[in-house]
Structures are given as structure tokens and as C-alpha cells.
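Handing you this structure, nothing more for now.
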Amino acid sequence: MHTVAKLIDTTLCIGCKACEVACQTWNDQEFTLGTFDGSYQTLPDLAPNFWNLIKFNEFERGGKLSWLMSKYQCMHCVDPGCLRACPAPGAIVHLKNGIVDFNHDNCIGCGYCITGCPFDVPRLSPTTKKVYKCSLCSDRTAVGLEPACIKTCPTNCLTFGTREDLLEKAQSRTAELQADGVAAAGVYNPAGVGGTHVLYVLANAARPEDYGLPRDPSVPLAVRLWKGPVKWLGSLVVAGGILGAFFHYVRYGPKKEHADAE
Amino acid sequence: MQSERRMARFDLYERTVHWLAALSYLYAALTGLALWSHKLYWLAWVFGGGVTVRGLHPWGGTIFAVVLAVMFRKWAGQMKLDTDDREWLRKAHKYAVHEEEGVPESGRFNAGQKMLFWSQALATVLLFATGLVLWWPEVMPRTLRLAAVLIHPLAAIGSIGGIIIHIYMGTAAVPGALRSMVQGWVTPSWAASHHRKWYRESSER
């Protein structure tokens, strides 16, 4: 089965924030005013009711200030750290089309997914005590529609399609940019999380951190150990302890009172 | 009917503290196991569902930590390892298979019990500290959370391993031990067999 993806061509983003509005509208989210801190960015950070943020990364080159616009939302990893960390079965669902979706009926609000996520995306709501993030509009893609942000994008900075097609498209766009003299152009599809279903074309792929993207993200080692070897150790100790005690009794029996009172 | 001679072993205060610790431990451990593995998530339903368990497991752990602090205050002074205890630990393998010649006599607590006490105290400090981090993930720095998701289960595994041995020793393996913690008394021959130094000290008094 083909999996779906979103391609973000940062070279075409004009920072219009239409995708933010579309996301809020489609997902029926009320907007909570943040603090104004001198930036054009809508909010400083993602929020439980704000899943799609255009970061206005301020970047200085040759004494000139420029904006490196980048869209910040769930990356829909091929190997999702949130899913590895989640203790509640069915709270995080990895759909066959590649979307990593949260099912809030099963979410218990522990916040382990926040720790598991290498992109710092899920946000715990203090009111509902559940965790929220972009669903890549799983309710729209399920019926053949493109996600709301992509539907509304006026510059075709955002495209929706199969992951294979979009990886190809990202490569050809990169080649195009390089031919145009943007030598450092490249694709952001980090291998440390098995690749992502949200792909970027960056004008300077050598420095993803300028776009607010982690350079080499991976599921944290602590989470991999916790859900791997530590889990085996736990099973070994519990099963070994119970069986060990039982067979100790079978072999040696109880302690006898060997001494008499004086 | 001839009444058995009784020696007081654990007073009401000690027994109450012990069983409060046991109950809160059991709650924290079982709800913790529910969140530990999807295969054990059915335990969450036994205790009222995942949301309830996520809400109350930290409180169960907090109650246990508080009770354990009370227990620590009561018993820490009696848990210091002396030279006999160190010798006992070297011969613990012989004690385990009931070959007790050459195994030093024990006081009120044997060296195994003392080790359990100290290891549980350490595990509880680790569990409580990392538990606080996991309780409020939204305000905790990422590095602390990453350390906590590793240390919390490791401390729990160590603790549960010790408690499995403790429950076995306190019930099936040493007849009379459970009664000492429930009703508070033992027979003189029990004391002479398992805690001879304590038996002698108590008899002399």
C-alpha cells in the first residue's frame, strides 16, 4: 500500500499563515491569544489547541536579515517515538497510510509521548488532560481529501500525495534549485526516525537547525532502552523471582525450627 | 489446653506501618505494572481504567514513600550491619539451602532483612524522585524526563525483585514469620532458631 505524505517546500513559503487558519478551522479549535514578543510568528510555540505553526526563523546572512519560514507540526515519523513510549493501547495509532494519529478516547494523559517525540510536538492540555497534535487530517485523508493546510496553501509550498511521489518531487525540486544556483538545497527526511511522512525541501539542507528542525533526530536512546532491554530485564526479574521462589520451596521446603528454647 | 509461650516480636505500631507500606506498595506496583507493558494493561481496568490509574498511581507512590519514611525512622537504627552480618552475607547461599552450620547467629533482623531494608529505602528515593518528574511532564526539562523514564522502571524492577523474595520468605519459606507481622508474636523456639542473638537478649531482659 502506498503511504501518504506532505511535502513542504520552504523556498515557496511566503508566511501567509493561511495553513494555520485552515488547521484551526477544520479541526474546530478555538484560538487562544498568546503573548506578543516582537515576532511575526502567531505563537511562540505549538499548543494543545494549535497544531500547525509557521516559524519565522530570523536569519542573518551578509548583514541582511531574512526570514526562513518553516512549518512546524507533527512529522508523522516512520518509526514514531511517541508510539514507542505510549503505555495506553490504542491511544496512538499508526495508520496503514503512514499517519500517526492520537485517539483521545484511549489517551490517559501521562505525557510519555512528549518524552518519546524527537521533534517536541505533542502538547498536554491542562483542561482535558489529554495530548494533542496534528493528525495530518486523518479524517480528511480517509475520504480522499487532502489535509486542510495543503488545501488552502496559495503558493503550492505544500503538496499532498504518496510518499514515493513526493520524495521524487522533492528530489527534482532540489535539482531545480541547485540548477538555479541554490547549491545547498536538499531534502529533509531524517533517517534516524526511519524517515518521515512530512518532507521538507530546504534551501540550506546542511543547516536544518536554521529552520528550527533538529539536525539528526532519532527516538531517544533512553526511550529505546526503556522499551527494549529494560523491559526484558523486568520480565526476567518478575518471572525469575516468582518461579525461583516456587521451585526453591519445591526443592528445599520451608525453614525448620532447629533450635529448642533454652 | 496448654497455652503456647509467646514472645512479642513486632508491636502494633510496627505492624501498622508495615501493612500500610505493604498495601500502598501493592497498589503502586500493580498500577505501575499496568502502565509498564501493554500486556499488563488489563490491570489498569482492574483499578478503574487508564485515566484513573494515571491519576492515582503517583498518589499511591507518594503514600508509600511517606509510610516508608516513617518506617525508616523506626527501624534504621536497628538495621546497621555488624561484622556477623557481613559474615552472614558471605554465607547467604548456605542459609538459602538450610545448611546453617557456620552461618552466624542473627539479631532482631538478619542480614538479608537488613539488605532488603536498605535496598528498598534506596529504591524508594529513586522511585519518588523520578516519579515526581514523570508526574508533571509538561513542566519538567527533557533531560530529566529522559533520565526518569529509565531510572523509574529500573528502580521498580530492583524493588519488585526484592519484594518477591521478601513475600516468599515472610510466608511460605519461614513458617511463623507471617504471624509475627500480623499478630505480633513468635514462639521461643522460633526466635531461638531464626534470630538467636535477639532471642538471648530478649530472654536475659
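Of the numbered conditions (1) within 8 Å of chain A (Cβ to nearest Cβ); (2) open to solvent by 20 Å² or more (accessible area, probe 1.4 Å); (3) hydrophobic (A, V, I, L, M, F, W, C), B:Val182 fails exactly one; give the number of that condition.
B:Val182 satisfies every listed condition except (1).
May I ask you to verify whether B:Leu132 is within 11 Å of another protein chain (Cβ to nearest Cβ), at pLDDT 95 or above and within 30 Å of A:Arg123 (Cβ to Cβ)?
In short, no.
Hey, another quick one. Do the conditions hold for A:Trp26, that is, is it surrounded by fewer than 21 Cβ atoms within 10 Å (Cβ to Cβ), hydrophobic (A, V, I, L, M, F, W, C) and farther than 21 Å from A:Gly161 by Cβ?
Criteria not met by A:Trp26.
Please name all residue pairs, on different chains or six or more residues apart, with Cβ atoms under 9 Å, provided the first residue is in region A:248-262 and is at the interface with chain B (Cβ under 7 Å from one of its Cβ atoms) and the second residue is open to solvent by 90 Å² or more (accessible area, probe 1.4 Å).
From residues that are at the interface with chain B (Cβ under 7 Å from one of its Cβ atoms), the pairs are A:Ala261/B:Arg5.
Considering each of A:Lys71, A:Lys129 in turn, give the residue that is in the same structural domain as A:Phe50 (by TED's automatic domain parsing) and either outside any loop (DSSP other than H, G, I, E, B) or open to solvent by 40 Å² or more (accessible area, probe 1.4 Å) (or both).
Among A:Lys71, A:Lys129, only A:Lys71 is in the same structural domain as A:Phe50 (by TED's automatic domain parsing) and either outside any loop (DSSP other than H, G, I, E, B) or open to solvent by 40 Å² or more (accessible area, probe 1.4 Å) (or both).
I need a count of the residues in region A:213-247 that are part of a helix (DSSP H, G or I), open to solvent by 40 Å² or more (accessible area, probe 1.4 Å) and touching a residue at least 24 places away in the same chain (Cβ under 8 Å).
1
Can you tell me how many residues in region B:85-109 are touching a residue at least 24 places away in the same chain (Cβ under 8 Å), farther than 21 Å from B:Pro188 by Cβ and among the charged types (D, E, K, R)?
2
Of (1) more than 30 Å from B:Thr62 (Cα to Cα); (2) more than 8 Å from every other protein chain (Cβ to nearest Cβ), B:Leu144 satisfies all except one. Which?
With (1) more than 30 Å from B:Thr62 (Cα to Cα); (2) more than 8 Å from every other protein chain (Cβ to nearest Cβ) applied to B:Leu144, the lone miss is (1).
Any idea which residue in region B:168-177 is nearest to A:Val250 (Cα to Cα), counting only those that are within 8 Å of chain A (Cβ to nearest Cβ) and either open to solvent by 20 Å² or more (accessible area, probe 1.4 Å) or touching a Leu at 6+ places or on another chain (Cβ under 8 Å) (or both)?
Taking the candidates together, the pick is B:Ala172.
Run A:Ala261 past the list (1) out of contact with any Leu (no Cβ under 9 Å at 6 or more places or on another chain); (2) modelled with pLDDT of 95 or more and report the number of the one that doesn't hold.
All conditions pass for A:Ala261, except number (2).
May I pose another question? Does A:Leu225 satisfy the condition of being more than 26 Å from B:Ile167 (Cβ to Cβ) and either among the acidic types (Asp, Glu) or more than 7 Å from every other protein chain (Cβ to nearest Cβ) (or both)?
Considered against the rule, which asks whether it is more than 26 Å from B:Ile167 (Cβ to Cβ) and either among the acidic types (Asp, Glu) or more than 7 Å from every other protein chain (Cβ to nearest Cβ) (or both), A:Leu225 comes out as no.
Then there's this: Only one of A:Glu164, A:Glu168, A:Glu146, A:Glu176 is outside any helix (DSSP H, G or I) and more than 17 Å from A:Val100 (Cβ to Cβ). Can you tell me which?
Working: A:Glu164 fails: outside any helix (DSSP H, G or I); A:Glu168 fails: outside any helix (DSSP H, G or I); A:Glu176 fails: outside any helix (DSSP H, G or I).
It is A:Glu146.
The values are calculated or read from the model by the stated rules, or taken from the named source; none is laboratory data. These figures come from a predicted structure and were not determined experimentally. Because the Cβ atoms are built from the backbone with ideal geometry, glycine has one as well, and the counts that use them run over all protein chains shown. For the accessible areas, the whole protein counts, side chains as well, though only heavy atoms, and no ligand, DNA or RNA atoms are used. Shrake-Rupley method; radii C 1.70, N 1.55, O 1.52, S 1.80 Å.
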